[in-house]
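Single-structure report; data block below.
What follows is calculated from the coordinates using simple rules that are stated; it is not laboratory data. Keep in mind the model is a prediction, meaning the values are calculated, not measured. So basically every Cβ, Gly included, is an ideal-geometry build from the backbone, and we count neighbours across all protein chains shown.
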């Protein structure tokens, strides 16, 4: 971990290249609270952890800081990989599952971390210690307080480290063109815990710090407090979005979705705390509701918008027709690469939160090589390198247009399907509609 905080050429190149891939895979990337990041001071970023490697990317690309990330030690076993990870500012931290003897190595890790902070660089640790895979947080571990108090001891309690809470929020964890919001909270000054540390010991001071960090991060994310009732909260997010946005007087734009979902979570949580039987009554209905949607191949947005009219259908297909030339080129040029980088490995990778990591890594490797090959193929036909390069680069936006056009087409088909199911008086559909009304009334009572 020697001098891992220093920039290297490989770091600069990889950050530039990965930032392009990262941005292309997202539809919206919203960042708030950059003014809360202190300048020229020691910082520990403390984000929530939901989506494996995509979380560090979200933090790294959200601002101008270049923190050193502490990651689990088992990914550093091979020397060549360890050197590469160090080059991109990722260092190991050891856990009890790595073996008790490995914990001794944390002394060097913590010593290097203190050096980084003393030089007014920044660290990033995920206080939960693992990714969760849902809009909920696990209790925080003790790594951040441990580093803070080691740094305090070594600097005669003069080093006032800023712990910056970070909230990372996803619209989806592994779908292409998802939305991501990164919220930086106000820094927590660590000097406030030194008095407790000296008077009452590390355990009490560390617990106080952990609780404060947890509360600060919770204020920046959607946190479902009871995972057993997760489906009940999750169904409300899309279903009640129009209602809540109107109630709160905010536009139904993605940058406000976190506020909307936080509002819904707090209201549902309050209702359940007052009447615990509500959760028992409605959790099974929420689960069944999702199963019926899956069975009918419908999404909440299809039910929100309802049946599609004739003129709206004509309008949508006219838009699709206009986009078709770009869509066809994008699909031909990128269709195979899109499939290869997203689907073949999914059965082998049991943890869905690693799907995006694998997809990102494969995209980073496959697409640049393919663009070069495509350029050579086109040059062989048009005999003009400038045209070949331009048409090859055009395949990138064309690929996105192809995906968006396909999504628009499928959404339209789903709404036509709603028309058909209603007209045929499909029993499953009407059962779905009844469940939806029950859930809607429950959510409406919660927010009112």
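Rounded to the nearest 0.05, what FRET efficiency do residue 372 and residue 434 have when you use their Cβ-Cβ distance and R0 = 45 Å? For residue 372 and residue 434, the calculated efficiency is 0.20. When a/c is below 1.5 the answer is rounded, else prolate if a/b is larger than b/c, else oblate, so apply that to segment 348-431 with a ≥ b ≥ c taken from the square roots of the Cα gyration tensor eigenvalues. It is oblate, given that a/c is not under 1.5 and a/b is not larger than b/c. Of all DSSP beta bridges located in the chain, what percent are antiparallel, nearest 5? That works out to approximately 25 percent antiparallel. The modelled label-to-label distance for the pair residue 351/residue 413, using points 7 Å beyond Cα in the direction of Cβ, is 3.4 nm.
If you plug the beta carbon distance of residue 153 and residue 387 into 1/(1 + (r/R0)^6) with R0 = 60 Å, you get a FRET efficiency near 0.40.
Given axes a ≥ b ≥ c from the Cα gyration tensor, I'd like to know whether segment 306-394 is rounded (a/c under 1.5), prolate (a/b larger than b/c) or oblate. The shape class here is oblate. Which one, (i) 46; (ii) 41; (iii) 34, gives percent of Cα pairs over 35 Å apart as derived from the coordinates shown? Computed from the coordinates, percent of Cα pairs over 35 Å apart corresponds to (ii).
Direction-averaged projected area, Cα convex hull, segment 244-335: 9.7 nm², rounded to one decimal. This ranking places 349, 391 by how few other beta-carbon atoms lie within 10 Å of each, fewest first, which gives 349, 391. Computed on the chain, with alpha-carbon pairs under 8 angstrom and 6+ residues apart, the relative contact order is 17 percent.
Apply the a/c threshold of 1.5 to the C-alpha gyration tensor of segment 227-295 and tell me whether it is rounded, prolate or oblate. It comes out oblate by the Cα gyration axes.
When each of the peptides 154-160, 173-179 is scored by how many other beta carbons lie within 10 Å of its residues on average, the order from highest to lowest is 173-179, 154-160. Our Cα-only numbers for segment 17-163 put the radius of gyration and Dmax at 15.6, 47 Å.
Pull up the DSSP beta bridges for segment 9-218 and report the antiparallel fraction as a percent, rounded to 5. Given both bridge residues lie in segment 9-218, the antiparallel proportion sits at roughly 25 percent. Here r is the Cβ-Cβ distance between residue 314 and residue 444 and R0 is 45 Å; the resulting FRET efficiency, rounded to 0.05, is 0.85.
The modelled label-to-label distance between residue 200 and residue 339, using points 7 Å beyond Cα along the C-beta direction, is 6.2 nm.
Once Rg and the Kirkwood radius are both taken over the C-alpha atoms of segment 126-208, their ratio Rg/Rh works out to 1.09.
The simple spin-label model puts a point 7 Å past each Cα toward its Cβ; for residue 119 and residue 291 those points are separated by 5.7 nm.
Equivalent ellipsoid of segment 390-448: semi-axes from √(5λ) of the C-alpha gyration tensor, largest first, are 38, 19, 6 Å.
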